[in-house]
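Only one structure is covered here, and it is reproduced in the block below.
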Amino acid sequence: MEKRLEEKRMLCPDRILDFVRNYGAVVGILLLLIIFQCIDHRVLRLANIWGVLRNNTFLIMMAMGMTLVMSVRGIDLSVAQVADAAGVLTAFLILNGTSAVAAVGAGLGLGLIVGVVNAVLMAYLGVPALIGTLGMMYVVRSFELVLTNGAQPQMLFTLNHSITGFFLNIGQGDVAGIPNVLIICVIAIIIIYLIKERSLIGRHMDALCGNVRASFLSGINVRKTFAITFVLSSFLAAMAGLMITARAGGATPRAVESYLNDCFVAVYVGTLLSKDRKFNVIGTVVGCLFVGFMSNFFTLQGIGNGTKQLFNGFFIIAAVALGTLRAKKK
Amino acid sequence: MTNNIFLECKGICKSFGSNKVLRDINIQIKKGEAHAFLGSNGAGKSTLIKIITGVYSKDSGEILVDGKVADIKSPQDAEKLGIAVIHQDQQMVPLFDVTRNAFLGSELTNSAGILNLKEMRRQVQEKLEYIQADFTVDQQIESLSVGQREQVAIVSALLKNPKLLILDEPTASLSSKEISRLFEIINLLKNSGVTIIYISHHLDEVFTITDSITVLRDSRVQGTLPTKEADSKSIVAMMIGRELKEFYPKEQVAAGEPVLEIKDLHSGKLVKGVSFSLKKGEILGLAGLVGAGRTETMLAMYGAEKVSSGTILIEGKEYKPKSPLNAGRYGIAFIPEDRRNEGIVAPMSIRENISLSATKLWTKLGIIQKKTEKQGTKDIIKALDIICTGTDQTVGELSGGNQQKVVIGRWLVGKYKIFVFDQPTTGVDVGAKTEIYKQMIALAKEGCGIIFISSENEELLGICDRIAVMNKGKIVKEFEAAEATEQDLLYWSTVGEERA
Amino acid sequence: MKQKKGFDIGNAVIKRGTGIAMILILLILGLRAPLFFSPENIMTVLKQSGVLVMTALSITTVLIVGGFDMGAGALVQLTCNIAAGLIISGVNPALTWGAGLGIGLVMGLINAILVVFVKIPTFVTTLGTMYLMTGMTALYNGGSALTFELIVNFNMMGQGEILGFPIIFLIVLLFCIALNFFFKHTRTGLRMYACGENKNAADIHGIDKRKLMILGYVISGALLGFTGVLQCSYNYGASAVDYGMDFLIRALASAYLGSTFSKTAELSMFGTMISGVFIAALSNAMVINGFSNQIVSGVLGSVLILSILLTVIKKREIGQVTIF
């Protein structure tokens, strides 16, 4: 990547360099897609694209929450676990006779509770987010394992449809051919985008990232702003968990955990789309799709989890290294 | 003659760009004396020190140590010549003990790199006994008071067996007891032949401890004289010695009802019973030295620091500071001292910076109305004459003066009654300064009360209606601006308390 | 002045508090299940704590210089797998130990280069390398456990005993003493502490932070590599389950809990070691008490949060992360 930048600069005027700076990442992503397509013609088939979109809605939800937290220089390592636990809890309650609506409420409620605990720990007590959310991740994991008596899968498709219908419909149904999950996801993207880029609280978040002391002295409630991001993040994660459970028709404890990696890759790749390499909502969404297509390609090719992890690590480092280089050039 | 001069500066000049900070500096410092460098901010004291200690290089001139021309290119060179410095803010590692801190960076080890703690302790012990310190070699820094830490710094310097010890404003954060302890140590060192350069704003200290005084002003040496022959009046005159030359757009505004009354405010270590009142339409200047507690008083009133006791009335109603957000609701606007770290959010645009405090007025249902915001920003840019490429330029790219205007602009939307300007003109060009003064007067005309903290007494005299001088956490004197002189302000700021 | 005294008393409570709380918790759990106090069980706990404490000591090393390492557990797992593979294919145990150390050292060096020269923040760097290492592990073992039967001269280290004392514990103790000596009694160690504690002080005294940061990562990497082989020796091979994060959280909890022994929240090798043994004992005691394994991870998470809370609660800033 560095070499490419270097060459272009030698070759020529600032315009090309600027182009690489601003659109290099997009071009790179597209290029990778084309390469995937060349290797495997199934990648860009409409049905496959549709599938990738649908399968990654939950990742987008999770990663958006992470983006909000990271945009105020926090971090939330518990997102994947919250998604996991929310799905498991909902499935568990439905299996044990709770009405689907109440179960969904409980799942989302779990997200809120974890979010509030995170918020209190990080924003009001001053626990470093990295450590606090790591700890919470384990607390949540413990909760779901105890709940399911040691990771028993909670399968819903065996139940009568009249009980599970409402819930499964979230994940499997569609409106006029557009999957429900996609509709929910798009609505969430719009709302989160508005919060982050257009609203008062979003502005305060930017300020918090730039200069905490100045934000405080200009009359921003610094703690509250920091806290809100954690609550939103956990809530979005819980929604993601419900979506994936509803789509799969069941939940296996600890199955969603590993998506934390994808989340990080998406968020960091997303920063490449921003002019000043900030964490941003739209970038994250694109990052998620990038991760989605990559996973899809690996699955189609039958490449195992190990290689995927390897690439994940590489992309995180490369994305940030590219950003650092870009900042230096400036 | 030469052999009782330890350090001599001959014709030293130094410029940063086109800005001449030192012009033809000639100073002789005798062996074993304590020599004070006096001068107001920006007079060139610290630059001179940095040249002597090898941090900066000089443009021309020479430095003689012990009569020989010395080529000081780095701090290490200075160290070899026996020059040691104690910096204004001592950086220590709180979890280390005294010994380890004193030796940090020049530890004694055997060839395998293993610390010779025994020898290190012995040497530190020796120095501690020498300065009669009341702590031990293995006490943790964390458990020491500020004054004791200062002594650790002195020990650290003494371990290098210096012939010249430079103390840069060592008393800034010390209590009066700690200061007298420090003076004992300085006398001790002097008696054993160590030469001392003592930099301070406080005249009383300089008179107590030093043998000679060199006054710097406007990057030149104004004169050196033995302390015995000096008196505070003449020194103050040497430090000022210029006429008001800048334009102050002062207009008389009739003062109204009191808008703010503070009674016996205590906060932290630096605010010890401040009382004053501020009327509508009045500009009140707060004069004093760095560390006098001016900023801290204002931060406490603004809710950014804890208030330990005292009452505050805003328009006659009791007000308890909670947070800046809350203070804003009571109509207090605050323009902080440290523009870069406390004022602007550098990576954000002008528009975003200005609307930080005002966004609420520009939002509907929590969504920022871009058009209103943009128009509002444009109005402010126009009103304050901010020079920029547009509302979306990043604030970090602006010049200091324009950044300051952005910070001020933040408070021009909405109804604020009390404005605190904390050193708004530092690092700001003359044109922008005038704009800032004009803005203060415009606000006063609208009936706002204005508190103006500044270390440049000249501008306080030029712009304020009334000036209060703070010294060591209290207001020691109040003047009607028309009746005060720069000498008065400097006198009360530097000598202050004792004769008050 | 009076206020200050009250402060000191508070500090003293915190200082002693950690130790007292540890003893109380173990005592309560132990009284409920007396088996916990049997000499055999105590030896088992010491044996179980070995790998955990080693990981924690390594991570403490990085934390002391002011760095961070998300990938500590992943590196242990990687070298553990490689060691298992080597042993299975009949490689000499001595060579295996060397290989583990070497791989760890190289990984540490890569981290250091990315952090110091490419200037990628420590969190992102180690997050990235963590995934790289997890990926390599998965590729290497192909998703299955690599186990072998007892090989006496290799499993000695992990499973052997001297006079009833587990050798693994003695090794760890040795490392702890050595590291403690390094950090407290050598020039380099002292300066590493100074870098992590107060960067400005290090600067003023002309200490080269970059060199020390590299050294910190390399030492820690080598130790983690060694730990991996130790784990392999203790475990008769490598399991296929990804336990990188579990190791990380235990190690971090040990390090931060260890720091609560000191008034100044100083990270120390002995603090880490005691806390590591406590965490192992806690897990053991809970299992003996019939708590399910599933609760243990939650308790560990809480211990991690509580231990850091004790050290930050006085400042009460917001918990922003400055390392990415």
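The values are calculated or read from the model by the stated rules, or taken from the named source; none is laboratory data. On a predicted model such as this, the values are computed, not experimentally measured, just so you know. Every residue, glycine as well, gets a Cβ built from its backbone with ideal geometry; the counts of neighbours run over all protein chains shown.
Looking at A:Arg223, is it within 29 Å of B:Leu356 (Cα to Cα), surrounded by fewer than 17 Cβ atoms within 10 Å (Cβ to Cβ), within 13 Å of chain C (Cβ to nearest Cβ) and in contact with a helix residue (DSSP H, G or I) (Cβ under 6 Å, 6 or more places away or on another chain)? It would help to see each step written out before you state the result.
Working: within 29 Å of B:Leu356 (Cα to Cα): yes; surrounded by fewer than 17 Cβ atoms within 10 Å (Cβ to Cβ): no; within 13 Å of chain C (Cβ to nearest Cβ): yes; in contact with a helix residue (DSSP H, G or I) (Cβ under 6 Å, 6 or more places away or on another chain): yes.
Taking the combined requirement at face value, the residue does not satisfy it.
Taking the criterion of being assigned to a loop (DSSP other than H, G, I, E, B) and either within 14 Å of chain A (Cβ to nearest Cβ) or within 20 Å of C:Glu317 (Cβ to Cβ) (or both), the residues of segment B:289-304 that qualify are B:Tyr302, B:Gly303, B:Ala304. Checking each residue in segment B:121-149 for being more than 18 Å from C:Met192 (Cβ to Cβ), in a helix (DSSP H, G or I) and either of a type in the set (Ser, Thr, Tyr) or within 14 Å of chain C (Cβ to nearest Cβ) (or both) picks out B:Arg121, B:Tyr130, B:Glu142, B:Ser143, B:Val146, B:Gly147, B:Gln148, B:Arg149. For segment B:370-426, taking the residues that are surrounded by 19 or more Cβ atoms within 10 Å (Cβ to Cβ) and over 31 Å from the mean Cα position of the chain (by Cα), the one that is farthest from B:Ser455 (Cα to Cα) is identified as B:Glu373. Among the residues of segment A:271-283, is there at least one that is modelled with pLDDT under 90, in contact with an Asp or Glu (Cβ under 9 Å, 6 or more places away or on another chain) and more than 26 Å from A:Ile187 (Cβ to Cβ)? No; the residues of segment A:271-283 include none that is modelled with pLDDT under 90, in contact with an Asp or Glu (Cβ under 9 Å, 6 or more places away or on another chain) and more than 26 Å from A:Ile187 (Cβ to Cβ). Kindly evaluate C:Leu179 against the criterion of being more than 14 Å from chain A (Cβ to nearest Cβ), more than 19 Å from A:Gln309 (Cα to Cα) and either crowded, with 22+ Cβ neighbours inside 10 Å or at pLDDT below 95 (or both). Criteria met by C:Leu179.
The number of residues in segment C:40-80 being more than 14 Å from chain A (Cβ to nearest Cβ), in contact with a strand residue (DSSP E or B) (Cβ under 8 Å, 6 or more places away or on another chain) and crowded, with 24+ Cβ neighbours inside 10 Å comes to 2. Among the residues of segment C:131-140, count how many are at the interface with another protein chain (Cβ under 7 Å from one of its Cβ atoms) and farther than 19 Å from A:Leu322 by Cα. Going through segment C:131-140 one residue at a time, the tally reaches 5.
Which condition breaks for C:Cys195 when tested against (1) in contact with an Asp or Glu (Cβ under 7 Å, 6 or more places away or on another chain); (2) within 14 Å of chain B (Cβ to nearest Cβ); (3) surrounded by 23 or more Cβ atoms within 10 Å (Cβ to Cβ)? The failed condition is (1).
For segment A:156-179, the set of residues classified as more than 18 Å from the chain's Cα centre (by Cα) and in a helix (DSSP H, G or I) consists of A:His161, A:Ser162, A:Ile163, A:Thr164, A:Gly165, A:Phe166, A:Phe167, A:Leu168, A:Asn169, A:Ile170, A:Gln172, listed by residue number.
The residue of segment B:71-92 that is farthest from B:Leu158 (Cα to Cα), among those that are in contact with a Leu (Cβ under 6 Å, 6 or more places away or on another chain) and buried (at least 19 other Cβ atoms within 10 Å of the Cβ), is B:Ile83.
For segment C:250-261, check the following and say yes or no: at least one residue is among the charged types (D, E, K, R), more than 14 Å from chain B (Cβ to nearest Cβ), in a helix (DSSP H, G or I) and surrounded by fewer than 20 Cβ atoms within 10 Å (Cβ to Cβ). Checked segment C:250-261: no residue is among the charged types (D, E, K, R), more than 14 Å from chain B (Cβ to nearest Cβ), in a helix (DSSP H, G or I) and surrounded by fewer than 20 Cβ atoms within 10 Å (Cβ to Cβ). Within segment B:102-114, the residues that satisfy the criterion of being facing another protein chain (nearest Cβ under 7 Å), surrounded by fewer than 22 Cβ atoms within 10 Å (Cβ to Cβ) and either part of a strand (DSSP E or B) or at negative phi (or both) are B:Glu107, B:Thr109, B:Ile114.
Which residue is modelled with the highest pLDDT, if the candidates are limited to segment B:53-91 and must be acidic (Asp, Glu) and under 19 Å from C:Ala201 (Cα atoms)? In this case the residue turns out to be B:Glu79.
Selection within segment C:225-249: residues that are among the hydroxyl-bearing types (Ser, Thr, Tyr), out of contact with any strand residue (DSSP E or B) (no Cβ under 7 Å at 6 or more places or on another chain) and not in a helix (DSSP H, G or I). The member of this set that is nearest to C:Tyr140 (Cα to Cα) is C:Ser239.
Every residue, every condition in (1) out of contact with any strand residue (DSSP E or B) (no Cβ under 7 Å at 6 or more places or on another chain); (2) within 14 Å of another protein chain (Cβ to nearest Cβ), yes or no:
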site	(1), (2)
B:Ile25	no, no
B:Gln28	no, no
B:Leu38	no, no
B:Leu48	no, no
B:Lys68	yes, no
B:Pro75	yes, yes
B:Arg100	yes, yes
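Residue under question is B:Lys433, and the condition is that it be on the phi < 0 side of the Ramachandran plot, at pLDDT below 90 and not in a strand (DSSP E or B); does it hold? Judged against the criteria, B:Lys433 is a match.
For B:Ser275, the requirement of being exposed (fewer than 15 other Cβ atoms within 10 Å of the Cβ) and outside the structural domain of B:Ile131 (by TED's automatic domain parsing) is met.
Quickly run through segment C:268-324 and pick out the residues that are over 28 Å from C:Tyr193 (Cβ atoms), without any contact (Cβ under 8 Å) to a residue 40 or more places away in the chain and within 13 Å of chain A (Cβ to nearest Cβ). Lay out the reasoning, then the answer.
Taking segment C:268-324 and keeping what is over 28 Å from C:Tyr193 (Cβ atoms), we get C:281-299, C:301-302.
Right, trim to without any contact (Cβ under 8 Å) to a residue 40 or more places away in the chain and you get C:287, C:291-296, C:298-299, C:302.
Residues satisfying the conditions are C:Phe291, C:Ser292, C:Asn293, C:Gln294, C:Ile295, C:Val296, C:Gly298, C:Val299, C:Ser302.
Among residues of segment B:339-356 that are at the interface with chain A (Cβ under 9 Å from one of its Cβ atoms), those with a Cβ under 8 angstrom from a residue that is among the aromatic types (Phe, Trp, Tyr), sequence gap 6+ or separate chain, pair up as B:Ser355/B:Trp362. Candidates A:Thr229, A:Thr245, A:Thr252: the one that is touching a strand residue (DSSP E or B) at 6+ places or on another chain (Cβ under 6 Å) and away from chain B (no Cβ under 14 Å) is A:Thr245.
Any residue at all in segment A:53-61 that is closer than 15 Å to A:Ala238 by Cβ and assigned to a loop (DSSP other than H, G, I, E, B)? Let's see the steps before the verdict.
Taking segment A:53-61 first, the residues closer than 15 Å to A:Ala238 by Cβ are A:57-61.
Next, only the ones that are assigned to a loop (DSSP other than H, G, I, E, B) stay: none.
No, segment A:53-61 contains no residue that is closer than 15 Å to A:Ala238 by Cβ and assigned to a loop (DSSP other than H, G, I, E, B).
Going through segment A:291-311 one residue at a time, which ones are in a helix (DSSP H, G or I) and not hydrophobic (A, V, I, L, M, F, W, C)?
Taking segment A:291-311 first, the residues in a helix (DSSP H, G or I) are A:291-301, A:305-311.
Answer for segment A:291-311, where residues must be in a helix (DSSP H, G or I) and not hydrophobic (A, V, I, L, M, F, W, C): A:Gly292, A:Ser295, A:Asn296, A:Thr299, A:Gln301, A:Asn305, A:Gly306, A:Thr307, A:Lys308, A:Gln309.
Take the conditions (1) part of a helix (DSSP H, G or I); (2) closer than 19 Å to C:Gly90 by Cβ; (3) not charged (D, E, K, R); C:Leu150 misses just one of them, which is (1).
Given the residues B:Ala383, B:Ala358, B:Ala304, which is the only one that is assigned by TED's automatic domain parsing to the domain that holds B:Pro424 and within 17 Å of B:Ile262 (Cα to Cα)?
Numbers: B:Ala383 fails: within 17 Å of B:Ile262 (Cα to Cα); B:Ala358 fails: within 17 Å of B:Ile262 (Cα to Cα).
After applying the criteria, what remains is B:Ala304.
All of (1) closer than 24 Å to B:Val194 by Cα; (2) facing chain C (nearest Cβ under 9 Å); (3) of a type in the set (D, E, K, R); (4) touching a residue at least 40 places away in the same chain (Cβ under 8 Å) hold for B:Lys163 with one exception: (2).
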